[in-house]
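**Q** Have a look at the structure that comes next, please.
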Amino acid sequence: MVDLNDKLAYFQAITGLEDPVLCTEILSAHGWDLELAIASFTSTNSPPPLETTAAASSASANTTTATDVAGSSGRSESDSNQRSDSVAAPGLAWKLITLPISVISGSLGLISGAVGLGLWVAGGVLSYSLSMVGLGSGRNNIDPSSPLVSVSASALEARDFVATFEREFGEIRPNFVGEGFMDALQRSRNAYKLLFVYLHSPDHPDTPLFCERTLCSEALAAFVNENFVSWGGNIRASEGFKMSNSLKASRYPFCAVVMAATNQRIASLQQVEGPKSPEEMLAILQQVLEESASVLVAARLDSEERRTNMRLREEQDAAYRAALEADQARERQRREEQERLDREAAETERKRKEEEEARERAEHEAAEREAALARMREEKALSLGEEPDKGPNVTQVLVRFPTGERKERRFHSTATIQSLYDYVDSLGCLEAEDYSLVSNFPRVVYGAEKRALSLKEAGLHPQASLFVEVNS
């Protein structure tokens, strides 16, 4: 899509107006719709001829000498083949006077177009809603040949011209494109070719013969189709009429070779007016093609260089992005590995601290238990009192431990069985806390129920032999 500067340049090229301020005001009044602005301008005033610029010095030297603008104007009074519908260009003062009318007309056109668009959208929504509930007219009534995309008026005119030309003169012809002139010019620029322009005057007596014998000759058609992009227009149609004024066509049949200039204007390289034989047309077109070849080759090379540079930049950018992504992936992997190692180190340290704390806690608890046992043994040893001397009221007790160790002590016969347990506990020779004192002959277990009995009452006086039995 062309930008505003392109539209301004094309509008100046088509209408011939050189005042950029006036052209900007006209385009702004029509919402920068180029076709609407040109149509409004040409409907009120016949546009002046376009002053085309040469694309190169060799191309300007090639412009036809038979179609000089001044000579064409002089011949217009005497030449019987002069176009009857040519109108003199209005002056700048008349254009300035009629500018408010064009602005108001364009504004009204924009308002009506907006209202029409709103009604079209509302109708489309209503139609879709009705079709959803089954009240629509049905899709079977739609003409399958109707276009799904709107086509501009210039493209419709071009397609109508191509269809009419083929119907009247056959299929052997230049392959005229079915699109507007500016689109065709852009197509030729993209294809690095020149644009062959044919303006068709159906009322001119030389037109049928020129079309049949020259344009539709196999040699010329093949040459044009191979080396040019072709566009044709009927001067009775809107765009054909505009281009006849822009190219200053004064005699028919009329052909021209143009190209898009670097300064966003249209360069006219060659104009051919009047009937010509196929050989003459081939010679003229061959000469134009040879003299413009350097320009086209330079444009193609410049475009290929730009594409190569762009592709190289894209490849460099892609390689840079790939390298950056690889570096980021490596850095992310390194960071993840470092985080994993840090987590493992932290987990190891945590376990070590827990184990150390558990060991310290176990040692502390063991020390506390040992201290408690030591205190208990000391307390129980103190509770036993001094060992009494031998006498009639003293009982001699021998205690055997599971390890085979023996301990012996004298107790008062009035001492209780509990005193024997306290004595065993005070020795610290037994790891188990749950045990019983047992006599063998006869076997008697001196358990908790007999600890309150005295040694004499239990039948252990004057001496007894007991062994320690650990309870499972």
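**Q** Highest mean first, how do 286-296, 181-191 rank when packing is the count of other Cβ atoms within 10 Å averaged over residues?
**A** Per-residue Cβ counts within 10 Å, averaged per peptide and sorted highest first, yield 181-191, 286-296.
**Q** Also, I was wondering about something else. Which aspartates and glutamates does residue 248 reach when only Cα atoms under 17 Å apart count, and residues fewer than 8 places away in its own chain are ignored?
**A** 18, 51, 68, 77, 79, 85, 239, 273
**Q** Please give me the summed charge of the neighbours of residue 308: other residues whose Cβ is under 13 Å from its Cβ, Lys and Arg +1, Asp and Glu -1.
**A** Summing Lys/Arg as +1 and Asp/Glu as -1 gives 0.
**Q** To make sure I understand the rule: partners must be aspartates and glutamates, Cα under 20 Å from the Cα of residue 456, and not fewer than 8 residues away in the same chain. Which ones qualify?
**A** Hits, sequence-local ones excluded: 386, 387, 389, 408, 422.
**Q** Highest first, please rank the peptides 224-231, 243-250 by the mean number of other Cβ atoms sitting within 10 Å of their residues.
**A** The packing order, highest mean first, is 243-250, 224-231.
**Q** Then there's this: 5 Å is the cut-off here: which amide hydrogens, built 1.01 Å from N in the peptide plane, fall below it relative to residue 266, excluding neighbours closer than 5 in sequence?
**A** So residue 266 has HN proximity to 53, 261.
**Q** From the phi of every residue in region 363-378, what ³J(HN,Hα) in whole Hz does the Karplus formula 6.51 cos²θ - 1.76 cosθ + 1.60 yield, where θ is phi - 60° and glycine or proline is x?
**A** Running phi through 6.51 cos²θ - 1.76 cosθ + 1.60 with θ = phi - 60° gives 5, 5, 5, 5, 5, 5, 5, 4, 5, 5, 5, 5, 5, 4, 4, 5 Hz.
**Q** Within 12 Å, Cβ to Cβ, of residue 336, how many net charges do the neighbouring residues add up to if Lys/Arg are +1 and Asp/Glu are -1?
**A** +2
**Q** Using the eigenvalues of the Cα gyration tensor, what equivalent ellipsoid semi-axes result for region 191-301 when each is taken as the square root of five times the eigenvalue, whole Å, largest first?
**A** Result for region 191-301: semi-axes of 23, 18, 11 Å.
**Q** Please give the per residue accessible area of region 148-223, computed with a probe of 1.4 Å over protein heavy atoms only, in Å².
**A** Result: 49 Å² per residue.
**Q** Also, quick follow-up: Putting +1 on Lys and Arg Cβ atoms and -1 on Asp and Glu Cβ atoms, find which of 472, 411, 392 reaches farthest to the positive end of the dipole of region 370-472.
**A** Farthest along the dipole direction, towards plus: 392.
**Q** I've got another one for you. Return, for the Cα atoms of region 398-446, the radius of gyration and Dmax in Å, separated by a comma.
**A** Radius of gyration, then largest Cα-Cα span, for region 398-446: 11.0, 29 Å.
**Q** Then there is this: Calculate the spin-label point distance for residue 189 paired with residue 153, positioning each point 7 Å from the Cα along the beta-carbon direction, and give it in nanometres.
**A** So the label points at residue 153 and residue 189 sit 2.4 nm apart.
**Q** How far apart, in nanometres, would the label points at residue 283 and residue 414 be if each is projected 7 angstrom from Cα along the Cα-to-Cβ direction?
**A** The modelled label-to-label distance comes out at 16.5 nm.
**Q** Now for a separate question. For the pairs 390/450; 380/407; 193/242, note any where the Cα-Cα span goes beyond 20 Å.
**A** Pairs exceeding the cut-off: 390/450; 193/242.
The values are calculated or read from the model by the stated rules, or taken from the named source; none is laboratory data. Keep in mind it's a predicted model, so treat the numbers as computed, not measured. Positions of Cβ are generated from backbone atoms using ideal geometry, with glycine treated the same way; all protein chains shown enter the neighbour counts. Protein only, heavy atoms only, side chains kept; ligands, DNA and RNA dropped before computing areas. Shrake-Rupley method; radii C 1.70, N 1.55, O 1.52, S 1.80 Å.
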